[in-house]
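Here's the structure we're looking at; comments come further down.
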Amino acid sequence: MNKAGYQISWKIKRNMDPSNDYQFLHDILGKTVKITLKCGTFQGVLQHVDSCQSIFLNRVKNLESGRQAPGVKMFFGHEILNVELLDDLEQCAGRQTTPTMPREIATTEKSAVDGGEASKQSTENSDVMSQEKQQLSLHNIKYTFPDENKGKDIEYVVIDQFQRKFGSAMIHIKKQSVCSIAAEGVNLCRHGKLSWLQVATKSHIFLFDIFILGAQVFKNGLQMILEDKNILKVIHDCRWLSDCLYHQYGIALSNIFDTQVADVLQFSMETGGFLPHRISTLQECLMQYLGMSYKSVSFMEQRQCAVKKNPEVWFMRPLPPALLNVLALETAYLLPLRLKLLDEMMSDLTTLVDGYLNAFREGSADSLGSTEISCMELPQELRKLADVQKVRRQNAVQKFQLNEDGFLLRKQVA
């Protein structure tokens, strides 16, 4: 045994608490470890540990062949015989008083000697790890609109393994007629890297850890959802994600409601046909259409600051809870934003229909007998739309400045 290292012996022994070692492994995330399998020995940077004691390593090196393996590799818990910390243990002195002593933790394997008792203990340990996993991955966030006295709590789930939560998420999302989509990574396009894909419904938010799960996450169900023409996907600026998914994963996004596009369309309707000189950020749309205060959308500022400080912040594992909240919030608000934009864009239709409803019923009946129902001439009630657009254009020229291209110089939302 390496005296400078901390060692975990992956054996079956009763009366041991697996949660201690599970917690210790979470404490040393980002450290270099050596793992011994039944088929070889590997070294890498510890990225993640799941409830089944499977380990994810980055910058993996096969110590027997000397070969380097790119990306993140997963090692199943039932194959691991030993885990050894290679980093200087002085950093962990506060956690372990006797770091040179091996510790043994339970696995799901059953010893023939232990018989029924080992099986029972294994089940109990599995329940403990399941409960701990739920505590790690289930979170609540609160989001509030100005016209509401209290915020609304919504649960979000971090999905970083193909276990029960992934299957439940797929079943839930496939039942939806509309959901919202967001994503985070580095240089998110065909040349970049995707780290997180978030999906929100009316009642749940799922944060899929693409960095850990890999491309298999799409083959296991996400691709079917993203390409499903019967599920409306709400996205703010779908261009970058569409390019990334298509060229890197072979996924063609379909049936998209883009809130950035809807904002430009609504601006054009409000100004009688003018186009703005620029598009709006999600933060600006939330403030303009949902009436949210600058403080309420501060999570977007937090996101920008984190990315500016570390462009690869979304590849940190574990991701800080504050940034998990950002992932959830930027997805959750897309659904009410879509509804508000639809209301705004439908306002002209509603007004014209109201005019149609009152065209005859509030007037005299004398002229009805001479009116041909089949007449296709444009009714006066619908001609009013041209007058409305003319007034809007006049007001827009007074309210905004025109640039050399004839676009209105849009003001920032305060």
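The values are calculated or read from the model by the stated rules, or taken from the named source; none is laboratory data. From a predicted model like this one, the values you see are computed outputs, not experimental measurements. With ideal geometry, Cβ positions are generated from the backbone for all residues, glycine too; neighbour counts draw on all protein chains shown. Protein only, heavy atoms only, side chains kept; ligands, DNA and RNA dropped before computing areas. Shrake-Rupley method; radii C 1.70, N 1.55, O 1.52, S 1.80 Å.
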If we keep only residues of segment 57-69 that are open to solvent by 20 Å² or more (accessible area, probe 1.4 Å) and in a strand (DSSP E or B), then the residue nearest to ARG317 (Cα to Cα) is ASN58
Filter segment 263-278 for residues that are in contact (Cβ under 8 Å) with a residue 12 or more places away in the chain and part of a helix (DSSP H, G or I); the one that is nearest to the chain's Cα centre (by Cα) is ASP263
Matching residues in segment 380-413 (more than 19 Å from LEU265 (Cβ to Cβ), open to solvent by 100 Å² or more (accessible area, probe 1.4 Å) and within 38 Å of the chain's Cα centre (by Cα)) number 2
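Quick one: would you say GLN260 is in a helix (DSSP H, G or I), free of Cβ contacts under 8 Å to residues at least 40 places away in the same chain and under 21 Å from ARG338 (Cβ atoms)?
Spelling it out, GLN260 is indeed in a helix (DSSP H, G or I), free of Cβ contacts under 8 Å to residues at least 40 places away in the same chain and under 21 Å from ARG338 (Cβ atoms).
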(message) Going by what's in this entry, would SER195 be described as in contact (Cβ under 8 Å) with a residue 60 or more places away in the chain, touching a helix residue (DSSP H, G or I) at 6+ places or on another chain (Cβ under 7 Å), more than 20 Å from LEU337 (Cα to Cα) and hydroxyl-bearing (Ser, Thr, Tyr)?
(response) yes
Next on the checklist: Given the criteria touching a residue at least 12 places away in the same chain (Cβ under 8 Å), of a type in the set (Gly, Ala, Ser) and open to solvent by less than 30 Å² (accessible area, probe 1.4 Å), does ALA182 qualify?
Outcome noted: yes
Counting only residues that are assigned to a loop (DSSP other than H, G, I, E, B) and more than 15 Å from SER242 (Cα to Cα), segment 171-213 contains a total of 6
When segment 310-363 is checked residue by residue, the ones that are open to solvent by less than 30 Å² (accessible area, probe 1.4 Å) and part of a loop (DSSP other than H, G, I, E, B) are ARG317, LEU319, TYR333
Picked from segment 266-300 (must be closer than 24 Å to LEU188 by Cβ and of a type in the set (Val, Ile, Thr)), the residue surrounded by the most Cβ atoms within 10 Å (Cβ to Cβ) is VAL297
Picked from segment 198-230 (must be of a type in the set (Gly, Ala, Ser) and surrounded by fewer than 23 Cβ atoms within 10 Å (Cβ to Cβ)), the residue nearest to PRO320 (Cα to Cα) is GLY214
Review point. Do we have ARG303 as open to solvent by 50 Å² or more (accessible area, probe 1.4 Å), of a type in the set (D, E, K, R) and either in a helix (DSSP H, G or I) or under 30 Å from LEU29 (Cα atoms) (or both) here?
Key: yes
Taking segment 214-223 and keeping residues in a loop (DSSP other than H, G, I, E, B) and on the phi > 0 side of the Ramachandran plot leaves GLY214
Within segment 32-56, the count of residues that are open to solvent by 10 Å² or more (accessible area, probe 1.4 Å), in a loop (DSSP other than H, G, I, E, B) and within 19 Å of ASP160 (Cβ to Cβ) comes to 3
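Filter segment 224-253 down to the residues that are within 25 Å of TYR289 (Cβ to Cβ) and part of a loop (DSSP other than H, G, I, E, B) and list them by number.
Going through segment 224-253, the residues within 25 Å of TYR289 (Cβ to Cβ) turn out to be 231-242, 253.
Passing the criteria: ILE231, HIS236, ASP237, CYS238, LEU253.
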